[in-house]
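A.B. asks: Sharing a structure here in structure tokens format.
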Amino acid sequence: MKRNLALVVFCLGWTTSCGDSLSADRPAAAAKMVAEAETELLALANQASQAQWIAATYITQDTEAISAALTEKAIQAGVKYAKLAATYDGVNVPADVARKLKLLKNGLVVAAPSDPKLSAELTKLTSGMEAHYGRAKYCPMPSTCQDIGQVSKVIAESHDPAKLLETWKGWHDTAQPIRADYVKYVALANQGARELGFKDSGAMWRSKYDMEPDAFAKEVDRLWEQVKPLYVSLHAYVRNKLRAKYGDKVVPASGPIPAHLLGNMWAQSWDNLYPLLAPPNADPGYDLSKILAGRKATAEEMTRMGERMYLSLGFSPLPKTFWERSMLTKPRDREVVCHASAWDVDNVDDLRIKMCIEPTGEDLFTIHHELGHSYYQRAYNQQPFLFRDSANDGFHEAIGDTVQLSMTPDYLVKIGLLTKTPPESADVGVLMKRALEKVAFLPFGLMIDQWRWKVFSGEVKPEQMNAAWWELRRKYQGVAEPVARSESDFDAGAKYHVPASVPYTRYFLAHLLQFQFHRALAEKAGCKQPLYRCSVYQNKEAGQAFAAMLAQGASRPWPETLKLLTGKSEIDASAVVEYFAPLKKWLDEQNAGQPSGW
Ligand code: X8Z
Ligand code: ZN
């Protein structure tokens, strides 16, 4: 699966291959070591993936323990090779070997210390925290427990502030028990990262972008500044509308918006609020969730819709095993991690997705997101093992989202989900819906790792973790805790990617890259309309250009891969700004004379 997500690293000490680094023919020794690493890591990654798949689709103490043990084994090898790779620093090797050495050194997400006891503890902590999240339930009464799917539905659909608050608090409180584990995890993961020569785990995460870690942090700040005005306009409009709905006592005129009112447990995407916010006279007038539910669309039918979109771009059908082995619905008889993910269990073509699909527009979009991972995984499977990954992790998250941008009203008509295309006068409504999903997301995509980077570096002390979380949510999202929180809470832990150790800046990058990719594909398809009306559905030229980029995998530094498709080697937020320009103009008219910012 997300091979680099779960690698908890651990070192057994030098093996016999250490001797190679001392031999006279250092370039040849480096190449030999890299070849051995690829063989060994592939075999161990596949075993770990199998165990992780079972642990995520059948949570028990046993599957958790087996997953931790096999992950740890894969990691023993990972750290061994990361350390070995560093011994070839400065050796003049061919470009592909140099790139592989770099990936070996930087490829780990969680590095365990060399002390076997501490390493085992860290692997147990990571498996345990993810399982805790998977099992978590809010139980207002012992007999009425609600899982993440159920509490999410309440937050999405209820307009009763008391109910929203109770549900919001109920879910967030489920993370309290893992707060102490998280503190231990941070210390151990840092120790491991330091053994590999990084300042801390955050610096290790920032080292994966073909630039210095500090330069990457600056790049992220630069990109945020590019899109911030658009976000602030959307925020001001939404705050006004929510204030009109819930009153001054609940929503302040000029401060941050309370986090329980935005239609999503983490206030990360606000599209569930669309009915409340639809621009008058510009509503496209359809609700995909109603259409899918009305048709009683099954999880498999919805997944087939996703596959057909990719087929129309020239990609091949998913393997038979995808349909046999994926988990598309929530099993009734066991605990699973419902958070959607895409896996390539054998790193060749054992593609699977794991989701608890419901007939909603949101899930139809998430299916396209997940299949983007699957088609990327397949596209790079001809590469050597170490290059079977995305150009950077933002690319992996951006592929399916790029395809989502082609799911225009016209497209929905073509595939028979809508009967007629909404008029041009509804464009602002269409854009509003997209912005509530994708523009609202931007500061959330950014802030999670701003928080983790500070926690890892020690700038935020264990006893300040929750306060720092809310400070950053306020700063970037303009969103506030709806009820007093304290340091016995662990609100970050109520978001999957924190207990599961999945870096998050990737989604911020993806929310910019997808518009850049979409603009490039629309150009290849010769679309002369505004970007938001372009769909590359059924366009083979666009599909081919996309596929060519995917096939490169991680073989080249990402700026080169980006250039291959877009002609530019920088991430550039101007495509987002261009895409939403008519909405921005409209929002600013609506917001005239009203406070903006917080
Ligand atoms: O976690 C995901 C995907 C799996 S990689 C469903 N996403 C982020 C989230 O849900 O928080 C997609 C958008 C952001
Ligand atoms: Zn994803």
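A.B. asks: Taking ARG194 and the conditions (1) buried (at least 18 other Cβ atoms within 10 Å of the Cβ); (2) out of contact with any helix residue (DSSP H, G or I) (no Cβ under 8 Å at 6 or more places or on another chain), which numbered condition does it fall short on, given that it satisfies the others?
C.D. replies: (1)
A.B. asks: Of all residues in region 157-197, which are touching a residue at least 60 places away in the same chain (Cβ under 8 Å) and outside any helix (DSSP H, G or I)?
C.D. replies: HIS159, THR174, ALA175, LEU196, GLY197
A.B. asks: Now for a separate question. Scan region 198-227 residue by residue and report those that are in a loop (DSSP other than H, G, I, E, B), surrounded by 20 or more Cβ atoms within 10 Å (Cβ to Cβ) and among the hydrophobic types (A, V, I, L, M, F, W, C).
C.D. replies: Scanning region 198-227 gives a single hit, PHE198.
A.B. asks: Then there is this: How many residues does region 513-543 contain that are out of contact with any helix residue (DSSP H, G or I) (no Cβ under 6 Å at 6 or more places or on another chain) and touching a residue at least 40 places away in the same chain (Cβ under 8 Å)?
C.D. replies: 5
A.B. asks: Considering only region 76-91, I want to know if a residue exists there that is of a type in the set (A, V, I, L, M), open to solvent by 10 Å² or more (accessible area, probe 1.4 Å) and in contact with a Gly (Cβ under 7 Å, 6 or more places away or on another chain).
C.D. replies: yes
A.B. asks: Further question: Being under 30 Å from TRP266 (Cβ atoms), within 16 Å of ligand 2 (Cβ to nearest atom), among the aliphatic types (A, V, I, L, M) and in contact with a Lys or Arg (Cβ under 9 Å, 6 or more places away or on another chain) narrows it down to one residue among LEU512, LEU531, LEU550; which is it?
C.D. replies: On the way: LEU512 fails: in contact with a Lys or Arg (Cβ under 9 Å, 6 or more places away or on another chain); LEU531 fails: within 16 Å of ligand 2 (Cβ to nearest atom).
The conditions single out LEU550.
A.B. asks: If we scan region 287-303, do we find a residue that is within 16 Å of ligand 2 (Cβ to nearest atom) and open to solvent by 10 Å² or more (accessible area, probe 1.4 Å)?
C.D. replies: Looking through region 287-303, none of the residues is within 16 Å of ligand 2 (Cβ to nearest atom) and open to solvent by 10 Å² or more (accessible area, probe 1.4 Å).
A.B. asks: For region 306-313, check the following and say yes or no: at least one residue is within 14 Å of ligand 2 (Cβ to nearest atom), crowded, with 23+ Cβ neighbours inside 10 Å, over 30 Å from LYS105 (Cα atoms) and among the small types (Gly, Ala, Ser).
C.D. replies: yes
A.B. asks: For region 371-471, give me every one of the helices (runs of 4 or more DSSP H) that falls completely inside it and has 1 or more residues that are under 30 Å from ALA43 (Cα atoms), within 14 Å of ligand 1 (Cβ to nearest atom) and not aliphatic (A, V, I, L, M).
C.D. replies: Counting at least 1 such residues, we get 393-404.
A.B. asks: If you go through region 355-382 one residue at a time, how many are of a type in the set (Asp, Glu) and within 11 Å of ligand 2 (Cβ to nearest atom)?
C.D. replies: 1
A.B. asks: Restricting attention to region 70-86, does a residue exist that is in contact with a Leu (Cβ under 6 Å, 6 or more places away or on another chain) and either outside the structural domain of ALA43 (by TED's automatic domain parsing) or more than 17 Å from LEU42 (Cβ to Cβ) (or both)?
C.D. replies: Checking region 70-86: not a single residue is in contact with a Leu (Cβ under 6 Å, 6 or more places away or on another chain) and either outside the structural domain of ALA43 (by TED's automatic domain parsing) or more than 17 Å from LEU42 (Cβ to Cβ) (or both).
A.B. asks: May I ask you to list the residues in region 338-357 that are assigned to a loop (DSSP other than H, G, I, E, B) and more than 13 Å from ligand 1 (Cβ to nearest atom)?
C.D. replies: First, pick out the residues of region 338-357 that are assigned to a loop (DSSP other than H, G, I, E, B): 338-340, 345-350, 355-357.
Listed by number, the residues that qualify are VAL345, ASP346, ASN347, VAL348, ASP349, ASP350.
A.B. asks: Now for a separate question. Sort out which residues of region 139-169 are open to solvent by less than 40 Å² (accessible area, probe 1.4 Å) and either of a type in the set (Asp, Glu) or not assigned by TED's automatic domain parsing to the domain that holds TYR274 (or both), and write them in order of number.
C.D. replies: Passing the criteria: only ASP147.
A.B. asks: Which count do you get for residues in region 329-349 that are without any contact (Cβ under 8 Å) to a residue 40 or more places away in the chain and within 16 Å of ligand 2 (Cβ to nearest atom)?
C.D. replies: First, pick out the residues of region 329-349 that are without any contact (Cβ under 8 Å) to a residue 40 or more places away in the chain: 329, 332-333, 340, 348-349.
If we keep only those that are within 16 Å of ligand 2 (Cβ to nearest atom) as well, we get 340.
Final tally of qualifying residues: 1.
A.B. asks: Say whether the condition of being open to solvent by 10 Å² or more (accessible area, probe 1.4 Å) and of a type in the set (Ser, Thr, Tyr) is met by at least one residue in region 124-131.
C.D. replies: yes
A.B. asks: State which residue is farthest from GLU219 (Cα to Cα) when the search covers only region 394-411 and only residues that are among the acidic types (Asp, Glu) and within 17 Å of the chain's Cα centre (by Cα).
C.D. replies: Checked region 394-411; the qualifying residue farthest from GLU219 (Cα to Cα) is ASP401.
A.B. asks: Sticking with this structure for a sec: Give the residues of region 383-406 that are of a type outside the set (Phe, Trp, Tyr), away from ligand 2 (no atom under 16 Å from the Cβ) and out of contact with any helix residue (DSSP H, G or I) (no Cβ under 7 Å at 6 or more places or on another chain), sorted by residue number.
C.D. replies: Restricting attention to region 383-406, the residues satisfying the condition of being of a type outside the set (Phe, Trp, Tyr) are 383-384, 386, 388-394, 396-406.
Filter once more, keeping what is away from ligand 2 (no atom under 16 Å from the Cβ): 383-384, 386, 388, 406.
Across region 383-406, the qualifying residues are GLN383, ARG388, SER406.
A.B. asks: Here's something else I'd like to know. Filter region 234-268 down to the residues that are hydrophobic (A, V, I, L, M, F, W, C) and outside any helix (DSSP H, G or I), then identify the one that is nearest to ALA440 (Cα to Cα).
C.D. replies: ALA267
The values are calculated or read from the model by the stated rules, or taken from the named source; none is laboratory data. No experiment lies behind these values; they were computed from the predicted model shown. A quick note on method: Cβ atoms are made from the backbone with ideal geometry, for glycine too, and the neighbour counts reach across all protein chains shown. Keep in mind that these areas ignore ligands, DNA and RNA; they rest on the heavy atoms of the full protein, side chains included. Shrake-Rupley method; radii C 1.70, N 1.55, O 1.52, S 1.80 Å.
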